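First up is the structure itself, then whatever we jot down about it.
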Amino acid sequence: MNRVILAVCMLVLGGCAVRSGLETPQPSLPAQWLNQESASAAMVAQPQWWRQFHSDTLDGLVRKALNANTDLLAATARVDQAQAQLQQAGASLFPSLGLSGSGSRSGVVGEGGSNSYAINANASYEVDLWGKLRGSRDAAEATLQASAFSRDTVQLTVVASVVNTYLQVCYLTDNLALARDNLALAEKVLAVVQAKAQYGAVSRQDLAQQKTVVANQRARLPALRQQLLESRYALAVLVGEMPQQFNLTAESLADLALPTVQAGLPDQVLARRPDVAAALATLMAADARVAVARADYWPSITLTGSAGYGSSALSELLSGDALYSLGLSLGETLFDGGARRARTDQARAAWREQVASYTGTLLTALQEVDQSLAAIQSLSAQTGYRQEALSEAEKAFTVAQVRYREGETEITDMLSVQSQLNSARQNSLDLVLSQYQARVTLYRVLGQGSEPGSLAADS
């Protein structure tokens, strides 16, 4: 026991506290992205990056989502819960104060009695020599930070989902218009085939083949309308509105602007991404819990005190006898069957789990950015070829129409050229959507738009 008292005195004088003794890993980051076209030392901050599409409709949808999206509201509530838990953990660092009063009457039945009254103020304070209480507070604070960063991650995902879904609505609107144009072309060709069939210039097989093309084009329209309806419903839910009451006039993809993105350096990106910050905060919370578990090996010291008045008459209570009590308690577990060791081992294992999770989050972030940059480059390289293919397909279709009308070619050639034109037009539209979506993905993996303060200013 003398050694315990000596250790207590030394730590009181030195102001020391038990630490986890664990080291947070410092990963080596790449100097530059593999798929970045030009080296850039700075990343252009675009917290409201969706405005780069130059769409007032899209801007309004994002603002609605930031205020009413249910997932984002739930994430914000979780942050409030973590804030309350931090306040609870921090309260243990302060003394607790209480006030109590009592009154009683005692004596022999039938022979009268005496009264006694008392009022007491009491205080209790646990001396945090080993940092156990501070460790619990630090863990709660890191958990709060992790919760806040997780909310930012949800916000980033919600914004990206709104933009992507709106782009999908615009795409399906354009696709529906394209399907109607393709149907009109097919019906125009069918009119030529029917005219030639009336004069016996072509067989009934030619007529049946073109009717099949027209029927297939007509069948696409209901399917596209259903897809458009489902996308509009999904967008309504994202912005917190009832699908049945959601009104939207979608634009054409051609009316939107294609944003340019500057990626910056890997360390800048990782510093901005909220999921990386959340993983690190969770790791710090695990580190603090290891310190708390280690502090269990040391004795707990509690100071208590009370002061008050006692009197036999209620009117004379505050002028009665002054009472006080002071106390110090020292508690130390001598044997617990290995419970403290098990708690420490569990805390260390949880810390190792968070180290692996943090490292995995870093690696995933690096992969996503380089992958997104590569996708943008690939899509950009396809643009010229797709435009050329569409231009040549249009020329071929024009020539094929004339030649078929004049009887210089068969219906099979006409069908082939018609199919190639439809495919070229569809591929061009698909490429435009992919280019827009690739920008959205890159903005998301760069962590752009995850700062609540910068968004709320204009929302």
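The values are calculated or read from the model by the stated rules, or taken from the named source; none is laboratory data. All values reported here derive from a predicted model rather than from experimental measurement. Neighbour counts run over all protein chains shown; Cβ positions are idealised from the backbone, glycine included. When the accessible area is computed, the model is the full protein with side chains, heavy atoms only, and any ligands, DNA or RNA have been set aside. Shrake-Rupley method; radii C 1.70, N 1.55, O 1.52, S 1.80 Å.
For the pair Arg225 and Ser306, how long in nm is the line joining their label points, each one 7 Å along Cα→Cβ?
About 8.1 nm, to one decimal.
In what sequence, largest accessible area first, do Ile119, Ile376 appear using a 1.4 Å probe?
Working: Ile119 55, Ile376 25 Å².
Highest to lowest solvent-accessible surface, that is Ile119, Ile376.
Which length gain, in nm to one decimal place, applies between Thr383 and Ser124 when the Cα-Cα distance is subtracted from 0.36 nm times their residue separation?
Gain in length upon complete extension: 85.9 nm.
What whole-number value in Å² describes the accessible area per residue of segment 142-224 for a 1.4 Å probe?
For segment 142-224, the per-residue accessible area is 43 Å².
Going highest first, how would you order 438-449, 217-228 by mean Cβ packing within 10 Å?
438-449, 217-228
Contour minus end-to-end for Gln194 and Ser329, with contour as 0.36 nm per residue of separation and end-to-end as the Cα-Cα distance?
Between Gln194 and Ser329, full extension yields an extra 38.2 nm.
What spacing in nm lies between the two simple spin-label points modelled at Leu22 and Lys211, each 7 Å away from Cα in the Cβ direction?
7.5
When you count, for each residue, the other Cβ atoms within 10 Å and take the mean per peptide, how do 155-164, 356-365 rank with the highest first? Could you put the intermediate results ahead of the total?
Working: 155-164: 22.1, 356-365: 16.1.
Taking the mean over residues of other Cβ atoms within 10 Å, the ranking is 155-164, 356-365.
Pick out, in residue order, every one of the chymotrypsin sites (Phe, Trp or Tyr not before Pro) in segment 148-233 that is DSSP loop and has at most 16 other C-beta atoms within 10 Å; say none if there are none.
Sites meeting the loop and neighbour criteria: Tyr199.
At 7 Å along Cα-to-Cβ for each site, give me the label-to-label distance between Ala342 and Asp56 in nm.
For Ala342 paired with Asp56, the spin-label model returns 6.7 nm.
Would you work out what percent of the accessible area of segment 178-245, with all protein chains in place, is carbon or sulfur (probe 1.4 Å)?
Summing carbon and sulfur atoms, their accessible area is 54 percent of the total for segment 178-245.
Can you sort Trp50, Trp351 by 1.4 Å-probe accessible area, starting with the largest? Numbers along the way, then the final one.
Working: Trp50 5, Trp351 35 Å².
Sorted by accessible area, descending: Trp351, Trp50.
Can you tell me the length gained on complete extension of the stretch Ser357 to Val399, counting 0.36 nm per residue apart and subtracting the Cα distance? Each step should come with its number before you reach the end.
Working: separation 42, 0.36 × 42 = 15.12 nm, distance 6.09 nm.
Computed gain between Ser357 and Val399 is 9.0 nm.
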